[in-house]
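Below you'll find the structure, written out as structure tokens, and then a few comments.
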Amino acid sequence: MRSKVIMLVLIMIVSLISAEIKCTTFCSITKGYDIKNYSGKLYFGTNGGMIYNSGSDNTVYDTDDGLYKPDVTKIEKDYRGMFWLGHDDCSVSVLDLAGKKVSYLNDIEQAGVYTLNGIFSSAKYIYVATSGLLARYKFNDTYKKYEISEINSMTGNVKSLSVVNGVIYAALPTGLHYISEAAPNINYLSNWSVISGFAAGTIVNGFAINTDKLYVLTNNGLYLVSGSSAVKQAAFNNENLYFGIFDSTNFYVSLDQVGATVIKKISKEIAGIPEIIFGTEEPDTKVFTVVNNTVYFTSSRGYSYYDVSNDTEYSMNFNVPKEKGIKKAVIDDASGNLVYLTSNNFSYMKMADDSFCETVYSARGSSTNMLAQDNDLYICTWGVGVNYFQLEGNDYVYKKNYSFGSPVGVSTRYPVHPGIYEDPQKRIWITNWNDIDADSTVTVLNSSGVVERSFPLENFTCPYDIYLDRYNNQNWVWLGSSKQSFGGLNGLGVGIYDGQYLSVKAIPMSEGIIDIVRDDDNTVWIATNNGIKYIDLKISPTSPQSLSAAYITNVASGPISNFIYDAEVNNINEKWFATDKGISVLSSDNKAWRHYVPKYYSGSSTAPGEIIKTNLPDNVINDIEFDEKNGVAIISSDNGLSFIEYGRIFKSDKVKSGEIQTKPSPFINDGNSVMGFYFPEDGNIYDTAKIFDLKGMLVRGGDGGKELNIQLGWDGRDNSGKIVSTGIYQVIAFNKNDRTKNITGKIAVVRK
């Protein structure tokens, strides 16, 4: 996400890199790594992208702006003016800000497991220093791409690197080494020389360059390189120096002092007594820059700054999720909030304007799951029951804790509640498993939040997931258990609630059950830790007591990975599966798969269907939620929230009865775009259409297999596949199963 703030308030979001699949991301920023000052313009590397500060505005670049990964641990502007945004695994997103293009270099990442320590550009090469090797890149003018020129894997850990006066300096475990940049072969460590003059036990932390002089920051002070020797400076003697920079008049350096980070300055000639200009106990603050009497430093907000003139420290606040590790997100329809949950906390985004609440609320326990209902929020925890919050104004206020006891005659259990579900009567069903006794319960809260029922599950221990379904005029209750989730067994439980009693039939399975959901065709999909299974209720016994493993079918080939974290069905009957390698989607007719993966995906998958590389910041997907009014899938993952448009049929109370609106309008028909349809909230389902020109000639759609399925919109082409011309067209939309339910409208098309 590229977003803009003025001072502390975000005001604008802009897309830099367009994609055929619209995927908007909001990556959380909880740590700063690097700062660079180029001609007074500041660039900050964070764990949620790169922040560009133009002097008054901040712009955040993350994965939907072209970056391949959200963590930017190192920033370097090379000799061609390209920004090298280094990721922790040593892959690099090379950003051309002027041309709005991003290329990806993953040579080192593919070569092994290394950690990025630094990137440095000379006038001829770009050097990448890692925990296990040194790589040198150059730009190939013939093929217009960056290539590795040399790799030295004999270096071991290259802690820091610099090039001054045509000489490469590298801090290695065996000392500070140097070699001419013009040397014919830098790949052999035996060709390098070692700088002498350091005190015994010296550890090099980094370098600072003053014009053509190289200073070395160490754990015992500051040294100046002179030829093949290092000369100890009187200033900063025996101080552990971490990071330093020169400006036109001063040298600034950060160091630890009594549990805090302080920044000292001294004249650039390193003469006189250093003075402290700033100190903070904020963690991750050692990288900094100084501009116009203001100290900018890395922090848990990405970066913060200190105004020396008024002795005031300011923290930034970007319009992103406030924490990493998002496990689940749910829509509170009453408030329009999207509430997201992390391991111990929660917060929300206002969906009306995509603004994130600044407050992070405690879940009051290690959270496992949650449910939103009419401004109420129920958060399930691991060990301290279910915590109930209520929205008052713009804040969620803690009201009470449910720690469900046991049925009569059963000892009190450890209150672990991993499963929660709301039935059509707005009752809330909550699983509770016991880590001591071989029994568990399902507790039901009525619409007022009062315990209505509590069912012991004598033959089905440790239910993890729960799913309620109305099928054949009966209330079916589905339960899943998983040893992977600390359950007592792997298996499926199914029963019918008759208003008074619940009896569950246990069906043992070899896989752990993670999630259960039914689609519009009466197929129950079962997500496990080893693939997807399903039960076709149309050909299965009508009584749960007669179900057995014989009616469970395995999906032999389909998802991009067999470890499934979540399974959901959207309003066009697509089946979405969250995996540890991306998202797999099965079409509404169960005939086609597509898979959403991050841009950096390079695996050789045997999964059928289309692999779609998009802006996802993570490959491990924790949860999927649908904003069905807008046809958007909301994806929760460790680095943030992603929003993928999946459909082109929308319902809106802003559309008048009997009318159709199109999105966008006018429709710019360039052969690649797809137009969506907005229908009124009239209770009807419109899934098929015919499109005519104003002369009444059929342009798209028809009968007998030529029907236009508008669930995925209209691509601006006629029945022969040709792009239609600029003009006004008439559309008739109807329900394919009941054509008496139809609606008409007009489409404005501009051919590009």
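With respect to residue 679, determine if the residue is within 23 Å of residue 571 (Cα to Cα) and either touching a residue at least 12 places away in the same chain (Cβ under 8 Å) or buried (at least 17 other Cβ atoms within 10 Å of the Cβ) (or both).
yes
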TODO: Could you list all residues from the stretch 209-254 that are among the charged types (D, E, K, R) and buried (at least 17 other Cβ atoms within 10 Å of the Cβ)?
DONE: 232, 239
Task: residue 478, sole failed condition from (1) closer than 24 Å to residue 378 by Cβ; (2) at pLDDT below 95 - done: (2)
- [ ] All but one of (1) assigned to a strand (DSSP E or B); (2) touching a helix residue (DSSP H, G or I) at 6+ places or on another chain (Cβ under 7 Å) hold for residue 625, so report the exception by its number.
- [x] (2)
- [ ] Starting from residues that are outside any strand (DSSP E or B) and of a type in the set (Phe, Trp, Tyr), keep the ones in the stretch 576-621 and report whichever is nearest to residue 90 (Cα to Cα).
- [x] 600
Open item on the list: When you scan the stretch 252-260, do you find a residue that is outside any strand (DSSP E or B) and in contact (Cβ under 8 Å) with a residue 24 or more places away in the chain, even just one?
Closed with: no
Open item on the list: residue 278 - would you say it is of a type in the set (Phe, Trp, Tyr), part of a loop (DSSP other than H, G, I, E, B) and buried (at least 20 other Cβ atoms within 10 Å of the Cβ)?
Closed with: no
TODO: Provide a single number: the residues in the stretch 209-230 that are under 40 Å from the mean Cα position of the chain (by Cα) and either more than 14 Å from residue 165 (Cα to Cα) or not in a strand (DSSP E or B) (or both).
DONE: 4
Task: Failed item in (1) surrounded by fewer than 22 Cβ atoms within 10 Å (Cβ to Cβ); (2) in contact with a helix residue (DSSP H, G or I) (Cβ under 8 Å, 6 or more places away or on another chain), with residue 90 passing the rest - done: (1)
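Specify which of the listed residues (604, 588, 546) is surrounded by 18 or more Cβ atoms within 10 Å (Cβ to Cβ) and either free of Cβ contacts under 8 Å to residues at least 12 places away in the same chain or hydroxyl-bearing (Ser, Thr, Tyr) (or both).
Values: 604 fails: surrounded by 18 or more Cβ atoms within 10 Å (Cβ to Cβ); 546 fails: surrounded by 18 or more Cβ atoms within 10 Å (Cβ to Cβ).
That would be 588, the only listed residue that is surrounded by 18 or more Cβ atoms within 10 Å (Cβ to Cβ) and either free of Cβ contacts under 8 Å to residues at least 12 places away in the same chain or hydroxyl-bearing (Ser, Thr, Tyr) (or both).
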Task: Residue satisfying all of: in the stretch 442-466; polar (S, T, N, Q) and surrounded by fewer than 16 Cβ atoms within 10 Å (Cβ to Cβ); nearest to residue 429 (Cα to Cα) among these - done: 446
- [ ] Report, ordered by the first and then the second residue, all pairs with beta carbons closer than 8 Å, sequence separation of six or more or different chains, a first member in the stretch 266-289 that is over 14 Å from residue 305 (Cα atoms), and a second member that is surrounded by 11 or more Cβ atoms within 10 Å (Cβ to Cβ) and basic (Lys, Arg).
- [x] 274/264; 274/265; 275/264; 275/265; 276/264
Task: Residue pairs meeting the criteria (Cβ under 7 Å; at least 6 apart or on separate chains; first on the phi > 0 side of the Ramachandran plot, in the stretch 64-78; second in a loop (DSSP other than H, G, I, E, B)) - done: 66/16; 66/17
- [ ] From 345, 319, 375, 337, grab the single residue that is surrounded by 23 or more Cβ atoms within 10 Å (Cβ to Cβ), farther than 23 Å from residue 37 by Cα and not hydrophobic (A, V, I, L, M, F, W, C).
- [x] 337
Task: Residue ranges of strands (runs of 3 or more DSSP E) in the stretch 489-563 with at least 1 members touching a Lys or Arg at 6+ places or on another chain (Cβ under 9 Å), over 26 Å from residue 585 (Cα atoms) and not hydroxyl-bearing (Ser, Thr, Tyr) - done: 491-497, 502-508
TODO: State whether the residues of the stretch 260-267 include one that is under 23 Å from residue 38 (Cα atoms), of a type in the set (D, E, K, R), surrounded by 14 or more Cβ atoms within 10 Å (Cβ to Cβ) and at pLDDT 95 or above.
DONE: yes
- [ ] Go through the stretch 304-400 and tell me which strands (runs of 3 or more DSSP E), entirely inside it, have 2 or more residues that are closer than 30 Å to residue 56 by Cα, free of Cβ contacts under 8 Å to residues at least 60 places away in the same chain and outside the structural domain of residue 445 (by TED's automatic domain parsing).
- [x] 312-315, 345-350
- [ ] Filter the stretch 525-539 down to the residues that are modelled with pLDDT of 95 or more and of a type in the set (Val, Ile, Thr), then identify the one that is surrounded by the most Cβ atoms within 10 Å (Cβ to Cβ).
- [x] 526
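Output the residues belonging to the stretch 694-716 that are closer than 24 Å to residue 572 by Cα, without any contact (Cβ under 8 Å) to a residue 40 or more places away in the chain and in a strand (DSSP E or B).
First, the residues of the stretch 694-716 that are closer than 24 Å to residue 572 by Cα: 700-716.
Now drop any that are not without any contact (Cβ under 8 Å) to a residue 40 or more places away in the chain, which leaves 700-709.
Scanning the stretch 694-716 gives 700, 708, 709.
Name the residue that is surrounded by the most Cβ atoms within 10 Å (Cβ to Cβ), counting only residues in the stretch 615-666 that are among the hydroxyl-bearing types (Ser, Thr, Tyr) and over 17 Å from the mean Cα position of the chain (by Cα).
Within the stretch 615-666, the first condition is being among the hydroxyl-bearing types (Ser, Thr, Tyr), and the residues that meet it are 636-637, 642, 646, 652, 657, 662, 665.
After this cut, where a residue has to be over 17 Å from the mean Cα position of the chain (by Cα) as well, the list is 646, 652, 657, 662, 665.
Numbers: 646: 23, 652: 13, 657: 9, 662: 21, 665: 12.
So, considering only residues that are among the hydroxyl-bearing types (Ser, Thr, Tyr) and over 17 Å from the mean Cα position of the chain (by Cα), the one surrounded by the most Cβ atoms within 10 Å (Cβ to Cβ) is 646.
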Open item on the list: Restricting to the stretch 188-208, and then to whatever is crowded, with 17+ Cβ neighbours inside 10 Å and under 44 Å from the mean Cα position of the chain (by Cα), can you tell me which residue is nearest to residue 265 (Cα to Cα)?
Closed with: 208
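Residues are listed down the side, and each one gets a yes or a no for (1) touching an Asp or Glu at 6+ places or on another chain (Cβ under 9 Å); (2) closer than 12 Å to residue 26 by Cβ; (3) at pLDDT 95 or above:
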position: 317; (1), (2), (3): yes, no, no
position: 322; (1), (2), (3): yes, yes, yes
position: 333; (1), (2), (3): yes, no, no
position: 339; (1), (2), (3): yes, no, yes
position: 345; (1), (2), (3): yes, no, yes
position: 348; (1), (2), (3): yes, no, yes
position: 356; (1), (2), (3): no, yes, yes
position: 360; (1), (2), (3): yes, no, yes
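Restricting the stretch 385-401 to residues that are more than 21 Å from residue 623 (Cα to Cα) and surrounded by 20 or more Cβ atoms within 10 Å (Cβ to Cβ), which is modelled with the lowest pLDDT? Spell out the reasoning first.
We begin by selecting, within the stretch 385-401, every residue more than 21 Å from residue 623 (Cα to Cα); these are 385, 388-401.
Add one more test, that the residue is surrounded by 20 or more Cβ atoms within 10 Å (Cβ to Cβ), and what stays is 385, 389, 396.
Details: 385: 85, 389: 98, 396: 98.
Among those residues, the one meeting the criterion is 385.
I'm trying to understand the selection: among the residues of the stretch 268-283, which are under 41 Å from the mean Cα position of the chain (by Cα) and closer than 22 Å to residue 36 by Cβ? Spell out the reasoning first.
Initial filter on the stretch 268-283 (under 41 Å from the mean Cα position of the chain (by Cα)): 276-283.
Answer for the stretch 268-283, where residues must be under 41 Å from the mean Cα position of the chain (by Cα) and closer than 22 Å to residue 36 by Cβ: 277, 278, 280, 282, 283.
The values are calculated or read from the model by the stated rules, or taken from the named source; none is laboratory data. Being a predicted model, the structure only gives us computed values, none of them experimental. Glycine gets a Cβ as well: all are built from the backbone with ideal geometry, and neighbour counts include every protein chain shown.
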